[in-house]
Structures are given as structure tokens and as C-alpha cells.
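Have a look at the structure below, then the notes.
The values are calculated or read from the model by the stated rules, or taken from the named source; none is laboratory data. None of these values were measured; they are calculated from a predicted model. All Cβ positions, even for glycine, are placed from backbone atoms using ideal geometry, and neighbour counts span all protein chains on display. Just the protein is used for accessible areas: all its heavy atoms, side chains included, with ligands, DNA and RNA removed. Shrake-Rupley method; radii C 1.70, N 1.55, O 1.52, S 1.80 Å.
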Amino acid sequence: MKTLLRLLLKSQHQRNPSGPVQTEKGMTLVELLVGAIMAFLIITPMLGFVVDMLNTDRREQVKSNTEQDLQAAVDFIAQDLSQAIYIYDQVGITATTAKLPPPPTNTTGTPILVFWKRQQIKNAVPINSTVSAKTPSACPPNGSECNDTYVLSLVVYYQIRDIAPNPTWCQPSGGTCPTRIARYEIRDGVKNPSSFDPTNPYYSLTDADEYAPDAAFDPSFDISKPLVNVTKGAGFKDAQVLVNYIDHSSGPTVTVNECTTALGNPMDTTGVTPKAIPETTLRIPPAPPDIVNSFYACVDTSKNIARVTLRGNSLRRLQTDANYDAKKSAFFPTASIQVQGLGGLAK
């Protein structure tokens, strides 16, 4: 019986040989579709996350750049103001506007900070007539034959806005362009103490000579009469831009008596009875109609003190629709400084 079963199984095996199972290679259309959907569901959120990270990093970078620019600007202004011997308040600026340098072509400008300072010129005046150096330009660099001296300089800070979009200062182009702060300086020349000519007390009047007075400087100016003969009214040098991307949208309002409070309620003591100096005299500009408040100063002329406030717009570096938004105030950094001029003609 066992032998018969073996023969039957053997014959059955010979009639139905079974080779290795043949399998098809590759993926079906359904499998490909499912894989594509899964990849889309995974990659899309990741891509959005990466793009959001890049945008956030870019916004933080321009925010940091704007903060650094503002801080550098107020530090420069503070250093400038520390040498001031007379700072004009709003009344003084109004009285001297006709003699101040005009804003550049195709722009509008508002003078915000105007003051006279005493600027040191090193190694410029020959010690006496016996030394070989007879003019400032001939003074040896080691200072053995010449002394330092001081000259008067009128400094004017403007907030400037372009009438038409300027590709240099308005990037990205379009929308409301930012404003910028520009600085003018009109400097007196180095005077010759040995000169007895009242019409020409200088060593040189040549414009190319760095020791000559600027063409716009009026030699008849007297610091004891700061509203008279401020400049010649012409011949001004070009302004130097201090900082760009100053906001020009309606920002946060300031308190009605901000300057009065910040300057310690200054009093006018020139009359018989002391009286409070009005806010419209202390604040420059006094009351902007558009409530921009992105560059303004509080000035107490009698105490030679100025408080300066700037507000930048970091979002304007990235987009054209970058008006002030209280919810995004971090992207509109503000910097303020208060300085009392330490310079003086007798110091």
C-alpha cells in the first residue's frame, strides 16, 4: 500500500510541476496616487513652516538694522549737541527760516534741530611769527609750531521727504516713501589773530582751503544776536544724509504737554514776572497736522537743552504698505536722547 501511494504522488508531481512563483515588479497606479497624496500632506506644512521661518528671520533682521541705525543717529546727534552754545526753539527757527539752507531739489523739508556749536580745529594757528609755519595748512603734523583753535558752525537737521519717488531713498518703490534725516553745516573759517583787516580776518578765503569759511557763512554774525545775519542765505553745501527709513505715517499721539514735562516746566525769566514757556515754543515742529511725530525736538533755549525723538519704520524696507500699526509697534523702533550743550564762548 505504501508503495502504491508513493507511485501515485510521484506521477502527480511529474504531471504538475511547480516552478518558482513569478512576481510582477513596480507599483500600481493606486499605490503611486496614495504615495503622492501622503507626500503632499507631509511636505506642504513643512514648506510653509520653512517659508514662515525665512520671512520671520528677514523681518527680525531689518528690525535689528533699523534699531542700530536709529541708535547710531541719536548717538551722533548727541555728540553734535554736546558742543552746542545756542539751540534755537520753534520761535527762533521761525524767525530765521529764510536764512536756513533749503531742502534738496524735488523734496520738502522741515528744519527740526538748529543750533550753533563751537568746533575744535586742531593744529591750525601758528604759535607766533617766528615759526616757519605761516598758515594753517603749513603747520607740521606734530603740533610743534601751531595751536588748536575753535570756530563757529551752524548745524541744521532736516526731515526730508521726496515729492516724487526717489529710487535711491525709496526701496522697495511704490506706496508712501519713508523720510530721511539730513544734516547741513555752515562753518566759519580759521581767523588770523595777527590780522588787523576787519573785512578779512582769515588766513584764506579760497573755497578749496579747508580752513576758509564756508561760502554761506556770514562773517558779520554775532552769537550775542543769534537771530541776525545767521547766514548769507546762499552758497550752501549739499546736505549729508544721516539716516533713512524714518517713518512717515500717522504714529502714536504724544501728550499735549510732552515737552513741558520732559524739560521740567521751563520758565521765561526775561521779564519782570517769570512765566511758563508755552509748548508751541518748546516743541519743534509745534503741531504737525498729520500727527507723524517721527522726528521732533523739545528745546529750552535758555538752558541750552534739547530732547530729540526719532521713530523708524523697519517694515518699509520690505513692503510698500508699511503704515504704523500699534499691533506691530516693535517694527517701528523709537530712540530718544536729551542733551545739554556744554560748549560756550568763554569755556
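Has the stretch 106-116 got any residue that is at pLDDT 95 or above and within 20 Å of P201 (Cβ to Cβ)? Among the residues of the stretch 106-116, at least one is at pLDDT 95 or above and within 20 Å of P201 (Cβ to Cβ), which makes the answer yes.
Just one of A234, A262 is free of Cβ contacts under 8 Å to residues at least 24 places away in the same chain and aliphatic (A, V, I, L, M); which is it?
Details: A262 fails: free of Cβ contacts under 8 Å to residues at least 24 places away in the same chain.
Step by step, each of A234, A262 is checked, and only A234 is free of Cβ contacts under 8 Å to residues at least 24 places away in the same chain and aliphatic (A, V, I, L, M).
When residues in the stretch 145-172 are screened for being among the hydroxyl-bearing types (S, T, Y), within 16 Å of the chain's Cα centre (by Cα) and within 24 Å of G235 (Cβ to Cβ), 2 of them pass.
Based on this model, can you work out whether S195 counts as under 30 Å from S220 (Cα atoms) and either among the hydroxyl-bearing types (S, T, Y) or open to solvent by 30 Å² or more (accessible area, probe 1.4 Å) (or both)? Full working, then the answer.
Details: under 30 Å from S220 (Cα atoms): yes; either among the hydroxyl-bearing types (S, T, Y) or open to solvent by 30 Å² or more (accessible area, probe 1.4 Å) (or both): yes.
Considered against the rule, which asks whether it is under 30 Å from S220 (Cα atoms) and either among the hydroxyl-bearing types (S, T, Y) or open to solvent by 30 Å² or more (accessible area, probe 1.4 Å) (or both), S195 comes out as yes.
Got at least one residue in the stretch 167-180 being within 30 Å of A138 (Cβ to Cβ), modelled with pLDDT of 90 or more and assigned to a strand (DSSP E or B)? Checked against the condition, which is being within 30 Å of A138 (Cβ to Cβ), modelled with pLDDT of 90 or more and assigned to a strand (DSSP E or B), the stretch 167-180 yields no hits at all.
For the stretch 209-267, how many residues are more than 30 Å from N65 (Cα to Cα) and of a type in the set (A, V, I, L, M)?
Selection size over the stretch 209-267: 11.
G233 meets the conditions (1) touching a helix residue (DSSP H, G or I) at 6+ places or on another chain (Cβ under 7 Å); (2) part of a loop (DSSP other than H, G, I, E, B); (3) crowded, with 18+ Cβ neighbours inside 10 Å in every case but one. The failed one is (3).
When S194, S173 are screened for being out of contact with any Asp or Glu (no Cβ under 9 Å at 6 or more places or on another chain) and farther than 30 Å from S314 by Cβ, only S194 passes. Looking across the stretch 127-170, the residues that are touching a residue at least 40 places away in the same chain (Cβ under 8 Å), of a type in the set (G, A, S) and over 30 Å from L318 (Cβ atoms) come down to S129, S137.
Looking at this structure, is A73 among the small types (G, A, S), in contact (Cβ under 8 Å) with a residue 60 or more places away in the chain, over 30 Å from N192 (Cβ atoms) and loosely packed, with under 14 Cβ neighbours inside 10 Å? So A73 fails the test.
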